[in-house]
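Worksheet for the structure shown next.
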């Protein structure tokens, strides 16, 4: 498999999961500006959407969108328990969590990268984000991970997007449970290895 990634991007989440699972893969850097890989390959020919992550399978098929990639990877090694089994209510709960992270946290922080919005609009976006942070914080005050049975693909995803908070002068110290969560995930060997490989 080949994982197309960019530093500081959401592609860190599947990168972490690949290492957690011990799956063989090739890491391919994508320049988000030129849409070229380090070897000069046209990334748009791989993923016409033009953004990472993209996972190219050994049969040549390309899978995009973080939550889909994360679930695909987890299902390759179900014994690792990074996702509940398909068809179970626990899997639906995991999908619920992934959707919340994708739309409310990833999406919210993503809007803040835009230079087109005036400060007033960004302030409103942050206000909405902070309400979502409260929801997450309350959950993580009750348990160490988003899913009750331990570390999952949802934790890798949340850890990845919460790393962007400092870019927008968002102090997570307002939500101590989120800070503890970030520290906890950051200590995992697979996370350290992924960050080192991406030089971030």
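Given the residues 24, 7, which is the only one that is in a loop (DSSP other than H, G, I, E, B) and loosely packed, with under 11 Cβ neighbours inside 10 Å?
24
Out of curiosity, is residue 133 surrounded by 19 or more Cβ atoms within 10 Å (Cβ to Cβ), out of contact with any helix residue (DSSP H, G or I) (no Cβ under 6 Å at 6 or more places or on another chain) and either modelled with pLDDT under 95 or farther than 23 Å from residue 68 by Cβ (or both)?
yes
Is at least one residue of the range 84-106 at pLDDT below 95 and farther than 16 Å from residue 161 by Cα?
Looking through the range 84-106, none of the residues is at pLDDT below 95 and farther than 16 Å from residue 161 by Cα.
State which residue is surrounded by the fewest Cβ atoms within 10 Å (Cβ to Cβ) when the search covers only the range 56-69 and only residues that are under 14 Å from residue 2 (Cα atoms) and under 14 Å from the mean Cα position of the chain (by Cα).
From the range 56-69, those under 14 Å from residue 2 (Cα atoms) are 56-64, 69; that's our starting set.
Remaining after also requiring under 14 Å from the mean Cα position of the chain (by Cα): 64, 69.
Working: 64: 16, 69: 22.
Among them, the one singled out is 64.
Given the conditions (1) assigned to a loop (DSSP other than H, G, I, E, B); (2) at pLDDT 95 or above, and given that residue 13 satisfies all but one, which numbered condition is not satisfied?
(1)
Output the residues belonging to the range 187-199 that are part of a loop (DSSP other than H, G, I, E, B) and surrounded by 12 or more Cβ atoms within 10 Å (Cβ to Cβ).
Within the range 187-199, just 188 meets the criteria.
Run down 62, 30 and say which single residue is within 27 Å of residue 166 (Cβ to Cβ) and without any contact (Cβ under 8 Å) to a residue 60 or more places away in the chain.
After ruling out the rest, the residue left standing is 30.
Which of the residues that make up the range 42-72 are in a loop (DSSP other than H, G, I, E, B), touching a strand residue (DSSP E or B) at 6+ places or on another chain (Cβ under 8 Å) and farther than 25 Å from residue 186 by Cα?
Result: 46, 47, 49, 57.
Could you please let me know if residue 158 is farther than 19 Å from residue 11 by Cβ and modelled with pLDDT of 95 or more?
no
The values are calculated or read from the model by the stated rules, or taken from the named source; none is laboratory data. These numbers were taken from a predicted model, which means no experiment stands behind them. Positions of Cβ are generated from backbone atoms using ideal geometry, with glycine treated the same way; all protein chains shown enter the neighbour counts.
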